[in-house]
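Written out below as structure tokens is the structure these notes cover.
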């Protein structure tokens, strides 16, 4: 039995986590038959989702989930790509997950209105004053981390300029193609589409939404990916905290 652990629809997205969306898409691409269950972050060593149980084997992180099933099934999600395309594919994944996601997370977690509309509900059920103390410390730690890595030193306008340069690169790569590298989705589509969907949600008050939606080919691309992989919700309803 194979089970993907994460979360289902939230914030007008198929999942609040682009990494859970990515893993869900990649498992579907590989033709894996799997169940979905709500993650328990205290039950796994990395305290992150997604993670997968393949029988008694635990696989943590979307990249290692992909690698595990590619090896097990003797399939590759970048089959048919040239070496140059594989290199570009990996670079697009890393840009989306390492750069755009950071900007998106800051918009969700460090802006008060967005935080109390969205991420605070991960901790529904926690009583006061523990909730306020915990979330204040968590957000302070996140702000410190982003400052230390550099992104937190930029103004919002500067962060949005960085995001727009990323989005322009993705839009140019996509051009008029259905998917990033042609007529069929490959590995980068799972990652990039998941991040774009997360950035484009209109649930939050952020200029990032309009930046993504300003690229008509990216809007059509997101709609195409959602229709293919998230036409209906298969996640159970469960507690987030």
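Numerical summary
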{"read-out": "Some residue of the range 214-227 being over 16 Å from residue 168 (Cα atoms), within 17 Å of the chain's Cα centre (by Cα) and in a loop (DSSP other than H, G, I, E, B)", "value": "no"}
{"read-out": "Conditions (1) out of contact with any strand residue (DSSP E or B) (no Cβ under 9 Å at 6 or more places or on another chain); (2) part of a helix (DSSP H, G or I); (3) farther than 23 Å from residue 107 by Cα: number failed by residue 188", "value": "(1)"}
{"read-out": "Residue check for residue 99: in contact with a strand residue (DSSP E or B) (Cβ under 9 Å, 6 or more places away or on another chain), surrounded by fewer than 18 Cβ atoms within 10 Å (Cβ to Cβ) and closer than 24 Å to residue 21 by Cβ", "value": "no"}
{"read-out": "Verdict on residue 157 being farther than 16 Å from residue 105 by Cβ and either assigned by TED's automatic domain parsing to the domain that holds residue 220 or part of a helix (DSSP H, G or I) (or both)", "value": "yes"}
{"read-out": "Qualifying residues in the range 160-185 (those that are within 19 Å of the chain's Cα centre (by Cα) and outside any helix (DSSP H, G or I)) - the one nearest to residue 80 (Cα to Cα)", "value": "185"}
{"read-out": "So residue 95, is it free of Cβ contacts under 8 Å to residues at least 60 places away in the same chain, outside the structural domain of residue 65 (by TED's automatic domain parsing) and touching a helix residue (DSSP H, G or I) at 6+ places or on another chain (Cβ under 7 Å)", "value": "no"}
{"read-out": "Index of the failed condition, residue 240 passing every other in (1) at pLDDT 95 or above; (2) in a loop (DSSP other than H, G, I, E, B)", "value": "(1)"}
{"read-out": "Answer residue from the range 42-56, given it is out of contact with any strand residue (DSSP E or B) (no Cβ under 9 Å at 6 or more places or on another chain) and under 19 Å from residue 16 (Cα atoms) and is surrounded by the fewest Cβ atoms within 10 Å (Cβ to Cβ) among those", "value": "42"}
{"read-out": "Qualifying residues in the range 112-134 (those that are within 20 Å of residue 101 (Cβ to Cβ) and touching a helix residue (DSSP H, G or I) at 6+ places or on another chain (Cβ under 8 Å)) - the one surrounded by the fewest Cβ atoms within 10 Å (Cβ to Cβ)", "value": "120"}
{"read-out": "In the range 1-32, the residues that are within 15 Å of the chain's Cα centre (by Cα) and either at pLDDT below 95 or assigned to a strand (DSSP E or B) (or both)", "value": "4, 5, 6, 10, 13"}
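The values are calculated or read from the model by the stated rules, or taken from the named source; none is laboratory data. If you're wondering where the values come from, they're calculated on a predicted model, not measured in any experiment. We place every Cβ from the backbone using ideal geometry, glycine too, and count neighbours over all the protein chains shown.
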